[in-house]
1. Would you call residue 420 surrounded by fewer than 20 Cβ atoms within 10 Å (Cβ to Cβ) and at pLDDT below 95?
2. From the list 227, 239, 266, pick out the single residue that is surrounded by fewer than 24 Cβ atoms within 10 Å (Cβ to Cβ), more than 25 Å from residue 155 (Cα to Cα) and among the hydroxyl-bearing types (Ser, Thr, Tyr).
3. Within segment 245-259, does at least one residue satisfy the condition of being buried (at least 21 other Cβ atoms within 10 Å of the Cβ), assigned to a helix (DSSP H, G or I), out of contact with any Leu (no Cβ under 8 Å at 6 or more places or on another chain) and not basic (Lys, Arg)?
4. Can you tell me which residue in segment 447-483 is surrounded by the fewest Cβ atoms within 10 Å (Cβ to Cβ), limited to those that are of a type in the set (Phe, Trp, Tyr) and in a loop (DSSP other than H, G, I, E, B)?
5. Would you tally the residues in segment 24-81 being within 26 Å of the chain's Cα centre (by Cα) and of a type in the set (Phe, Trp, Tyr)?
6. Is one or more of the residues making up segment 151-168 closer than 15 Å to residue 50 by Cβ, surrounded by fewer than 24 Cβ atoms within 10 Å (Cβ to Cβ) and in the same structural domain as residue 226 (by TED's automatic domain parsing)?
7. Kindly provide the set of residues from segment 278-290 that are buried (at least 24 other Cβ atoms within 10 Å of the Cβ) and not aliphatic (A, V, I, L, M), ordered by number.
Amino acid sequence: MVRKLKNYIGGEWVESTTDTYTPVHNPATCEVVAEAPESTYEDMDRAVQAAQVAFEEWRRMPVLNRAQYMHHFKTLLEDRFEDISRIVVEENGKTIDEARGEVRRGIESVDYAIGMPFLMRNDGVEDISSGIDETTIRQPVGVFGAITPFNFPFMVPIWFMPTAIVCGNTYIMKPSPQTPLSMEITYEILEELDMPEGVVNLVHGGKDAAMAMMEHPGVAGVSFVGSSPVAKIIYETCSRNGKRVQAQGGAKNYIAVMPDADIAASVKNIVGAAYGCAGQRCLAAAVVVGVGDAYDKVREELINQARNLQVGYGLDETTQMGTVVSDAAKQRIENMIEQGVKEGASLDLDGRGIVVNGFEGGSFVGPTILSDVKPDMVVAKEEIFGPVLSIMRADDFEGAVDIINQSKYGNAASIFTSSGKDAREFKYRVNAGNIGVNIGVAAPSASFPFGGQKDSFFGDLHGQGPDSIEFFTERKVVIERWI
């Protein structure tokens, strides 16, 4: 029998009150590997109550002690590194190397949280007035939660939870119902830490569970990563209910290639950025803008390199690109490819209809390239979230910047060039939260905020880095006179 997942609430694995379960598929084998409960308001309420009870004890624990739990957590994650990576492959479809990279980046966020005793320090002024000292202190806020996506089922949740709890808050995680297994093993590891009951909680489910978190009066704030339409709903719902919110949305990431770039080396980076994780990441390269003479050269080299990628099952070490997350995603991506062709784009490389021996029913879409794409085409404007790369032409640097800044999204943008002047102008003028210079995937490390602008982000404080400390704490000003 396929096992039914349980929620983790108040230090115990408990069954949901629902009768409705969602199958969790391995997208390569089509096997149903588990069933996740569509948890109810009652389930979320139970988790919130457990987290509220735990908060008073947890916030009084010295921050050094809270950080020590993360030292132990990191050790256990390292011990289970390969197990977690394999689970990411089996539920998401990416390659084992990509999964290992995801787990490694998640552990970096645990490293950052370990530094909270230093990073939470504040400032003050002695004798701000005669006999009066003024200082600021940081205090935890209460119960926080996260609503996380399928594409990085381990890494994205770990962006938030370690920092939140070392800052003194308690936490509730609601992972994607498509990929809940990474969080199941993560919470099995957290259980080994023997933290006070209720500090960390896991509630599976879809829209109902998410709405319950956002509307519950006992939740102080919510972090979200997903599509822009949903991010906007998350932002509006949380704001309406008086909560802190950081909602990372979708993207359409442009890469400009200048005539003075090293074409072969640039394209190698771009191919990794476009087709890594089958294009299912918010920092994926979506549109390459070939500037002037670079257009024909970069197009030819992209076709040559992309057509040689080995598509297959992610647990095969020789595989370079795995599946998309589901058959529904496959159909949506293939429809977008057809849309591009109908609009007049040239189909230079067609990834539709690819068959992988032994995995004939898998949700595979091969590397796809559309050239002669124009700014008003749907494939140039809308997020595809799959292994589809569009190529556009710009006459010069100014034209490339104009094309990029026309996008309603502003997650990331990159330039490949040997000109310091162009690189500086690009950084200065392009409206995107993460900028790459000769970098295909402009992914910030855990100690820097994950930027996003325009329709790619809704909120004030981004995930990761110093922004996360501001998000998970309240600053209090203390003015004292003892004379």
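The values are calculated or read from the model by the stated rules, or taken from the named source; none is laboratory data. Keep in mind the model is a prediction, meaning the values are calculated, not measured. Backbone-built Cβ (ideal geometry, glycine too); neighbour counts: all protein chains shown.
1. Numbers: surrounded by fewer than 20 Cβ atoms within 10 Å (Cβ to Cβ): yes; at pLDDT below 95: no.
The answer is no for residue 420.
2. On the way: 227 fails: more than 25 Å from residue 155 (Cα to Cα); 266 fails: surrounded by fewer than 24 Cβ atoms within 10 Å (Cβ to Cβ).
Of 227, 239, 266, the one residue that is surrounded by fewer than 24 Cβ atoms within 10 Å (Cβ to Cβ), more than 25 Å from residue 155 (Cα to Cα) and among the hydroxyl-bearing types (Ser, Thr, Tyr) is 239.
3. no
4. Just the residues of segment 447-483 that are of a type in the set (Phe, Trp, Tyr), to begin with: 448, 450, 457-458, 471-472, 482.
Applying the additional criterion that residues be in a loop (DSSP other than H, G, I, E, B) yields 448, 450, 482.
Details: 448: 15, 450: 26, 482: 6.
Here the residue is 482.
5. Going through segment 24-81 one residue at a time, the tally reaches 4.
6. Of the residues in segment 151-168, the ones closer than 15 Å to residue 50 by Cβ are 165.
Next, only the ones that are surrounded by fewer than 24 Cβ atoms within 10 Å (Cβ to Cβ) stay: none.
There is no residue in segment 151-168 that is closer than 15 Å to residue 50 by Cβ, surrounded by fewer than 24 Cβ atoms within 10 Å (Cβ to Cβ) and in the same structural domain as residue 226 (by TED's automatic domain parsing).
7. Step one: list which residues in segment 278-290 are buried (at least 24 other Cβ atoms within 10 Å of the Cβ), which gives 278-280, 282, 284-290.
Residues satisfying the conditions are 279, 280, 282, 290.
For every residue, the table says whether it meets (1) surrounded by 19 or more Cβ atoms within 10 Å (Cβ to Cβ); (2) under 16 Å from residue 274 (Cα atoms); (3) free of Cβ contacts under 8 Å to residues at least 12 places away in the same chain.
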site: 327; (1), (2), (3): no, no, no
site: 345; (1), (2), (3): yes, no, no
site: 358; (1), (2), (3): no, no, no
site: 370; (1), (2), (3): yes, yes, no
